[in-house]
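K.L.:
Have a look at the structure that comes next, please.
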Amino acid sequence: MMNLEDFLMKNIGKLPAPVVAWVEKRMKKIPSIREKMDREYDGLMAGLEPSLKPYKDRYPVFAKLPARGRDREEILHEMESLRAHEESQWKDGFVSGAVYHGDESHIEFLNQIYALNSQSNPLHADVWPSTTKFEAEIVSMTANMLNGEGACGTVSSGGTESIMLAMKTYRDWARDTKGITRPEMIAPVTAHAAFDKASQYFRIKMVKVPVDADSRADVNAVRRAVNRNTVVIVGSAPSFPHGAIDPIQGMSELARTRNIGFHTDACLGGFVLPWAERLGYNVPPFDFRLPGVTSISVDTHKYGYAAKGTSVILYRSKELRHYQYYITSEWPPAACTSPPRLRAAAPAR
Ligand SMILES: Cc1ncc(COP(=O)(O)O)c(C=O)c1O
């Protein structure tokens, strides 16, 4: 007869994720199970090592700064060799979700743009006002493409950051305007992991809802999940794992009637769906034409064909965007930050 340990080890893959996490946490406290799991983990990692660390014995490894600086030619040669190896893995396609364009002349153009701007620092808009101009234009063009009359936003470093910024925005908006101190977000189980990350970082309770046979969120389940702590409902257009567009119309309308935020995650589809619609495809509504949609994440570094990593986060109104910003006014001014001890320690000239 199978004992409990063996039964759990054998069936863990069939249990729902939160149950697995709970069982795992408890099982790891049993020494025999811990050892068994560690052995399995080590075996798994050993199997993965050749594909994750293929360069281990082929190139020099530096764990410390080398005593003598390396020759630039040598570094370039090594990087060229790595690039050639890795390029062979995606040049023929088949890595959707990683490379979105890949055309040689387009890459060359992106590289030129990168080189021209490699020293610009958006934090210092007084020195590089071009970054402000570029950001304003990128946001405006993207908002326009997604029918956001009066919409605004910012450029971020990628889809995950756009999503996290939006979730932080809803948390702070709801605290300020509704006094919600135990915020919750509702997301379909297919929503991107970035929402779970935001939930953990910003202490917003995640409430997951199931999807139907077509991998689209169940609107009735969303309705049942709404409560007075709900600050935002999330839908994907489309979701990464299944490529399915959630019923954004029904979900966002539900949010609107309850004065809750609604975020469309169009990180993947934002630069495809508007054009597919113009080509005559039947694209369900997902953008600012739906009055309940209050923010959209859309990735320039995916089908916007920009280099990694940029994304756009759009808000329906400036009032909402205001909650995205972090402001502090207590950082001591430069005159006080230069510590006298450090100045005294500097070598005399
Ligand atoms: C639907 C969706 N949302 C969010 C993300 C996260 O974007 P990033 O990988 O740029 O952080 C992705 C990435 O593939 C995505 O497909």
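K.L.:
Considering the dipole of the chain built from charges on the beta carbon (Lys and Arg +1, Asp and Glu -1) around the Cα centre, which of Gly148, Tyr201, Ala84 is farthest to its positive end?
P.N.:
Working it through, the farthest residue towards the positive pole turns out to be Tyr201.
K.L.:
Let me check I've understood the local charge: for Gly150, count other residues with C-beta under 10 angstrom from its C-beta, Lys and Arg +1, Asp and Glu -1. What total comes out?
P.N.:
Combined, the nearby Lys, Arg, Asp and Glu give +1.
K.L.:
List, largest first, the extents of the alpha carbons of the stretch 84-141 along their principal axes, each in whole Å.
P.N.:
Cα extents, longest axis first: 43, 24, 19 Å.
K.L.:
Okay, moving on. If the reach is capped at under 27 angstrom between alpha carbons, list the lysines near Lys25, excluding any in the same chain fewer than eight residues apart.
P.N.:
Cross-link targets: Lys10, Lys14, Lys36, Lys197, Lys205, Lys208.
K.L.:
Using a 10 Å cut-off around each Cβ, can you sort Phe7, Phe286 from fewest to most neighbouring Cβ atoms?
P.N.:
Starting with the residue having the fewest Cβ neighbours, the order is Phe7, Phe286.
K.L.:
Once the Cα atoms of the stretch 147-194 are picked out, what are the Rg and Dmax in Å?
P.N.:
Gyration radius and largest Cα-Cα distance of the stretch 147-194: 12.8, 33 Å.
K.L.:
Now, a different point. Would you calculate, for the chain, the mean residue ellipticity at 222 nm contributed by helices, counting each DSSP H stretch of 4 or more residues as -39,500 (n - 2.57) and dividing by all residues, to the nearest 500?
P.N.:
Helix contribution divided over all residues of the chain: -14000 deg cm²/dmol.
K.L.:
For the chain, modelled as a GNM with alpha-carbon contacts under 10 angstrom, which of Gly235, Gly309, Gly158 fluctuates the most?
P.N.:
In this elastic network of the chain, the residue with the biggest mean-square fluctuation among Gly235, Gly309, Gly158 is Gly309.
K.L.:
Quick one: length gained pulling Lys64 to His106 fully straight, 0.36 nm per residue minus the C-alpha distance?
P.N.:
Value of the extension gain: 11.4 nm.
K.L.:
Please say if the stretch 119-263 is rounded, prolate or oblate, where rounded means a/c under 1.5 for a ≥ b ≥ c the square roots of the C-alpha gyration tensor eigenvalues, and otherwise the choice is prolate for a/b larger than b/c and oblate otherwise?
P.N.:
Prolate, since a/c reaches 1.5 and a/b exceeds b/c.
K.L.:
Once you order the gyration tensor axes a ≥ b ≥ c over the Cα atoms, which shape class does the stretch 264-336 get: rounded for a/c under 1.5, otherwise prolate or oblate by comparing a/b with b/c?
P.N.:
It is oblate, given that a/c is not under 1.5 and a/b is not larger than b/c.
K.L.:
Measuring from centroid to centroid over Cα atoms, what is the spacing of the stretch 98-157 and the stretch 264-284 in Å?
P.N.:
Centre-to-centre (Cα) distance: 21 Å.
K.L.:
What ratio of Cα Rg to 2.2 N^0.38 Å holds for the chain?
P.N.:
Dividing the Cα Rg of the chain by 2.2 N^0.38 Å gives 1.21.
Throughout, read-outs are computed from the coordinates displayed, never taken from laboratory work. Keep in mind it's a predicted model, so treat the numbers as computed, not measured. Please note: Cβ atoms are built from the backbone with ideal geometry, for glycine as well, and neighbour counts cover all protein chains shown.
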